[in-house]
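> Shown below is the structure under consideration.
What follows draws every value from the coordinates through simple rules; no lab data is involved. Fair warning: this is a prediction, and the values are worked out from it, not measured in the lab. Cβ: placed from backbone, ideal geometry, glycine included. Neighbour counts: every protein chain shown.
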Amino acid sequence: MSSLILCSYKQPANGESRIRWGVLDATRDTKKEPLSLKTIKGSYRKDDPIFQRSRNIETLQTRDGFRCLYKERQNWRIRIPLVGSVVKKFL
């Protein structure tokens, strides 16, 4: 069964906080499953200290498709278990 996630997420590019919501698809620890070198050393993230120490990525299914969010960038988070399966049908 999936969970519905509602959180405030700080965008890495412009620093704005936005409310994101979606159905939790997967959680990944990047220390155990490393990201590609191109992703880590790319120009988009090279001056982002939070990205360099981030470890946990959550993939959410939203209305706009799948989105990956870092747990370290979430200010607040609400997880509602078992509701994601019902909401997923309408996405």
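> Cα-based Rg of the chain per 2.2 N^0.38 Å, rounded to two decimals? Let's see the in-between values first.
On the way: Rg = 13.8 Å, N = 91, 2.2 N^0.38 = 12.2 Å.
This ratio for the chain stands at 1.13.
> Once you've got the GNM for the chain with C-alpha springs shorter than 10 Å, pick whichever of L60, L69, L35 has the biggest mean-square fluctuation.
Top of the fluctuation ranking is L35.
> Amide H of S2: which non-local residues (sequence gap of 5 or more, or other chain) have their own amide H closer than 5 Å, using H built in the peptide plane?
Long-range HN contacts for S2: L82, G84, S85.
> Tell me the mean residue ellipticity at 222 nm calculated for the chain from its helices only (DSSP H runs of n ≥ 4, each -39500 (n - 2.57), averaged over every residue, nearest 500).
Calculated from helices alone, the mean residue ellipticity at 222 nm is -3000 deg cm²/dmol.
> For every other residue with a beta carbon closer than 15 angstrom to the beta carbon of K89, add +1 if it is Lys or Arg and -1 if Asp or Glu, then tell me the sum.
Local net charge: +1.
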